[in-house]
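Please read the structure below before turning to the comments.
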Amino acid sequence: MRRFVSVLASATLLLGLAACGSDDDSASASSDTLKVGVSPVPHGEILKYVADNLAAAEGLKLDIVEFNDYIQPNVALQEKQLDANYFQHIPYLEEEVAAKGYKFTPLKPVHIEPLGVYSKTVKSLADVPSGGVVGIPNDPSNSGRALSLLAKNNLITLKDGVGVKATEKDITANPKNLKFKALEAAQLPRSLEDTALSVINGNYAIETGLKPATDALALETADNNPYANLLVVRTGDETDARVQKLEKLLHSPEVKKFITDKYQGSVLPAF
């Protein structure tokens, strides 16, 4: 990922946007290279595998740009500084579209990063102290997902039918009187020093050395999971030949094997 990949932090990208200024400098369908924004892990690692092992045979070149948050990849796609991004699931995309009016199209699911419950202070959910602080993501799609996971593991009870759309107002029973602390998803691994539990997105868990398959006290399953991550493009660009080549490679047997072998259950193929 480090040799081939263009690694840009969000601030650097924003400076680039200011310097470019016009659509003339935007990522263009006429380019031989497809520029894709990613979260570093696992998305960047998966795309680097494609770039290093599969892309040349399809006549595809990839420029992989890393982001360390969930906001800038969609901003950059909207402003035509990217041709595609690969970091999000459909519930999050739907929130972004509703809030910001993006004209984006999601393609086919690639992988699932199970949301997990982690702790540095307790060994099991039964040991969570009364009044314990629980860190959860602050974006609505992932906060509801976190509350749903906690409910499935009997730490709280939610109103019937709310599922992953739950908010704290939907909690009907909280026997341990847990206190919820909503944080940006990327900050949650660091919150483990200050919380009894934190519910962490799979990519951020892996980036900070956690192993979801073994370290999580509770973990989502892949069954009927709507949170598969996928490639997203501006509407109309789904027919771009470069996008279609990348879609083919992302859903190849080689990529499925790479995900299975590398992540050992911490990231799951969704195809």
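The values are calculated or read from the model by the stated rules, or taken from the named source; none is laboratory data. This is a predicted model, so every value here is computed, not measured. Cβ: placed from backbone, ideal geometry, glycine included. Neighbour counts: every protein chain shown.
Looking at (1) part of a helix (DSSP H, G or I); (2) in contact (Cβ under 8 Å) with a residue 60 or more places away in the chain, which is the only condition ALA99 fails?
(2)
State whether one or more residues within the range 94-116 are modelled with pLDDT of 95 or more, farther than 28 Å from ALA213 by Cβ, acidic (Asp, Glu) and surrounded by 20 or more Cβ atoms within 10 Å (Cβ to Cβ).
Yes, that holds for at least one residue.
Hey, can you tell me all the residues within the range 55-76 that are closer than 21 Å to LYS248 by Cα and either among the hydrophobic types (A, V, I, L, M, F, W, C) or in a helix (DSSP H, G or I) (or both)?
Step one: of the range 55-76, the residues closer than 21 Å to LYS248 by Cα are 55-65.
Scanning the range 55-76 gives ALA55, ALA56, ALA57, GLU58, LEU60, LEU62, ILE64, VAL65.
Taking LYS257 as meeting all but one of (1) part of a helix (DSSP H, G or I); (2) on the phi > 0 side of the Ramachandran plot, write down the number of the exception.
That leaves (2) as the condition not met.
Please state which one of GLY131, GLY135 is among the small types (Gly, Ala, Ser) and part of a loop (DSSP other than H, G, I, E, B).
On the way: GLY135 fails: part of a loop (DSSP other than H, G, I, E, B).
None of the others qualify; the one that does is GLY131.
The rows are residues; the columns are (1) surrounded by 22 or more Cβ atoms within 10 Å (Cβ to Cβ); (2) at pLDDT 95 or above; (3) more than 16 Å from TYR86 (Cα to Cα).
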site: PRO189; (1), (2), (3): no, yes, yes
site: LEU197; (1), (2), (3): yes, yes, yes
site: LYS211; (1), (2), (3): no, no, yes
site: LEU217; (1), (2), (3): no, yes, yes
site: ASP237; (1), (2), (3): no, yes, no
site: GLN244; (1), (2), (3): no, yes, no
site: PRO253; (1), (2), (3): no, yes, yes
site: SER266; (1), (2), (3): yes, no, yes
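Of ALA126, ALA146, ALA173, which residue is surrounded by 14 or more Cβ atoms within 10 Å (Cβ to Cβ) and small (Gly, Ala, Ser)? Outline the logic, then answer.
Numbers: ALA126 fails: surrounded by 14 or more Cβ atoms within 10 Å (Cβ to Cβ); ALA173 fails: surrounded by 14 or more Cβ atoms within 10 Å (Cβ to Cβ).
Sole residue among the options that is surrounded by 14 or more Cβ atoms within 10 Å (Cβ to Cβ) and small (Gly, Ala, Ser): ALA146.
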